[in-house]
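Some notes on the structure that comes next.
Where a number appears in this text, it was derived from the coordinates with a stated rule and is not lab data. On a predicted model such as this, the values are computed, not experimentally measured, just so you know. Don't worry about glycine lacking a Cβ; one is built from the backbone with ideal geometry, like all the others, and counts go over all protein chains shown.
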Amino acid sequence: MTTPIRSPLKIVVYDNSHQGEVCLSSHVLAEAAGITPTRLARLVRLGLIEPIHPGSDEFTAAEALRLKRMLRLHRDLGVNLTGAAIIVDLVARLESLEAQLAALRGRP
């Protein structure tokens, strides 16, 4: 059995809401993450993924990366998605604190 070849993902970039930040539509984000738009909508309803504005259909690139990390934890380690969101947020906070500490110590 042959594996179907996926066509390159076309990303629609919006530059109208977050001062030059790359934004993705919900359909593009769902396709890039390998999930259905319905599943993405459920994650938004649960508060695990947040659009740029409440009720918006656009997501930042940072939120797309966050979703990708959550799904990887879920897939590879069996962590439920709520737990995966908490882990991703705590790791981001830890990285931020480590960067602040390094700056205070005079290291870039």
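Couple of notes before you dig in:
- Panel values: the range 23-104, Kirkwood radius from alpha carbon pairs, Stokes-Einstein at 4 °C and 1.567 mPa s, translational diffusion coefficient 97 µm²/s.
- Neighbour-count ranking [beta-carbon atoms within 10 angstrom, fewest first] of 107, 66, 75: 107, 75, 66
- For the range 27-42, 3J(HN,Hα) per residue [Karplus equation, 6.51 cos²θ - 1.76 cosθ + 1.60, θ = phi - 60°, Hz, x = Gly/Pro]: 5, 5, 4, 4, 5, 5, 7, x, 10, 7, x, 5, 5, 4, 4, 5
- In terms of other Cβ atoms within 10 Å, 60, 38, 82 run from fewest to most in the order 38, 82, 60.
- Amide N proximity, the range 79-99 versus residue 105 label position 7 Å along Cα-to-Cβ, cut-off under 15 Å: 95-99
- Cα→Cβ-extended label distance, 7 Å offset, between residue 32 and residue 72, nm: 1.5 nm
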